[in-house]
């Protein structure tokens, strides 16, 4: 959900993507008067680089739902359009999506654990399950060293998350 960022593949986990004009806020809103916000924290999703597009989307959706439910401070206020129609709240900051090899993903999980950062994980087994109880059972059945990781979501201080993502690249 990187609505305000677009990045070419060569960006590393520590570089920030630049805003592009195609993703800029409309000029007729009050939001354009405010200066850009720089968050002290970062929400990032790291996906294994060999996933099919449907798997990338599925894993990303599940991963970020874990952060939103465990960390209420990352969720903003509900939305409302000009007609007064209410919409659910979403994250208060962008979610940056990265990709990397299985080895990069495994190292990122290790660094996330060593820094005690909030995290959600997605394993290949979850693509074959159909509900939450089966998902949890699939993860619980495998020791951490044997998990077939395909995705990781993490939230924390910018510098700590950047270190966790070492070796990852921005998702195209």
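Values computed for the structure shown
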item: Separation between Cα centres of the range 157-172 and the range 66-110, rounded to whole Å; result: 16
item: Distance (nanometres) between label positions extended 7 Å along Cα→Cβ at residue 141 and residue 41; result: 3.4
item: Gyration tensor (alpha-carbon) shape descriptor, the range 83-137, a/c threshold 1.5; result: oblate
item: Anisotropy class of the range 62-164 from Cα gyration tensor, a/c 1.5 cut; result: oblate
item: nm² value of the averaged projected area, convex hull over the Cα atoms of the range 108-158; result: 3.8
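Computed from the coordinates by the stated procedures, all read-outs in this text should not be read as laboratory data. Computed from a predicted structure; not experimentally measured. Here the Cβ is made from the backbone with ideal geometry for all residues, glycine too, and neighbour counts use every protein chain on show.
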